[in-house]
1. Put one equal scatterer on each alpha carbon of the stretch 149-307, apply the Debye formula with no solvent term, and list log10 I(q)/I(0) at q = 0.10, 0.20, 0.21 1/Å to two decimals.
2. Return one quarter of the surface area of the convex hull spanned by the alpha-carbon atoms of the chain, equal to its mean projected area, in nm².
3. If the convex hull of the alpha-carbon atoms of the stretch 95-201 is projected onto planes in all directions, what is the mean projected area in square nanometres?
4. Using the 10 angstrom Cβ neighbour count as an exposure proxy, how do 186, 127 rank, fewest first?
5. In nm, to one decimal, how far is the modelled label at residue 332 from the one at residue 203, with both set 7 Å along Cα→Cβ?
6. Per DSSP H run of at least 4 residues, take -39500 (n - 2.57); add these up for the chain, divide by its residues and hand me the 222 nm value, nearest 500 deg cm²/dmol.
7. Compute the label zone of residue 347 within the stretch 9-48: residues whose backbone N is under 20 Å from the point 7 Å along Cα-to-Cβ.
8. Given points 7 Å out from each Cα along the Cα-Cβ axis, report the residue 87 to residue 215 separation in nanometres with one decimal.
Ligand SMILES: NC(=O)c1ccc[n+]([C@@H]2O[C@H](COP(=O)([O-])OP(=O)(O)OC[C@H]3O[C@@H](n4cnc5c(N)ncnc54)[C@H](OP(=O)(O)O)[C@@H]3O)[C@@H](O)[C@H]2O)c1
């Protein structure tokens, strides 16, 4: 097998996402992996689809808590076909449709398979780092499943303990994990209110299952995020929501905190509004929440670091993974994909994600 392919390389951390997109990321020729150097439990995958994730963006500027060492190939997750399997691979064979597990392979993993990101024609994974693609899924959906759904599963089920009949406010709901949060919250039987900044994207989120949508864009002539706590209360019989799933932070996060019912639960998922344009870990502007509101409203505020927790407690992650895979197999979870690009158009793809054009998942097809 000597088919050549291509891969994207990030040679060093970028000073800004724009620099990574415009000048640092490069497309290179890639040989088929030399199987004489691979282990007996290794598998070579011909990548069909790979996601352009938010975490890929912040990893490129060194702003994520877990970084791959450059030079590396980005691409947290991928799906494709097995094209070679080592002699001790008993669970997979050439032709099988597989998707990668971000904890075991690719830039979010630790160890030998970290540099095999998905933005490439071929990837190498250990046999335990791949899962069968759910039967009803295409490759684009398959590489949009695990990180996006395990994140809200962990946040809503394990942390917030969201119950049927409760209400949840999801910020940044048009995102890849945000759309997944909407689907999981509906599956759990909750009433779902979402925020976003684009009427068009919010219409898509509503069609996907949200019960109420709130546009948090600034009102003309006024600075900042408009108050929306009254709207949330109007949607919840005057009480406020039981749970907030916050992936935006900043002013949206603070307004979401004020939209909670007495005794409500606030789950911190991320702070997409608060990531600076220039890179480096030290560039982080800490997200802030007022303790007086937490105190007076008797709130529970909880962190929800899905990947960190999964790395720390692999046995608990196994149950989470099993549930997400089971729901996917039953067709209860269907990742939403708005943008698809050939690998050679990676700059347009990463730019679309960075500029917020995407709803749900953005895909590269090597
Ligand atoms: N806790 C965990 O384990 C975990 C795991 C994965 C990801 N995350 C975090 O979750 C967040 C979302 O991830 P994702 O994959 O869904 O990202 P994504 O696909 O890029 O979506 C983020 C969404 O946030 C909104 N947003 C972005 N910038 C904003 C701003 N300045 N102000 C207000 N809203 C803004 C956008 O919605 P609109 O354009 O519609 O406003 C966008 O659709 C990120 O912060 C990420 O780090 C956490």
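1. So the normalised log intensities are -0.32, -1.34, -1.48.
2. 17.9
3. Its average projected convex-hull area is 8.6 nm².
4. Ranked by crowding around the Cβ, least crowded first: 186, 127.
5. Placing both labels 7 Å beyond Cα along the Cβ direction yields 3.1 nm.
6. -7000 deg cm²/dmol
7. 9-30
8. Rounded to a tenth, the inter-label distance reads 6.4 nm.
A short reminder: the numbers here are calculations on the coordinates, not readings from a lab. Source: prediction; values computed, not measured. Positions of Cβ are backbone-derived with ideal geometry, glycine not excepted, and every protein chain shown enters the neighbour counts.
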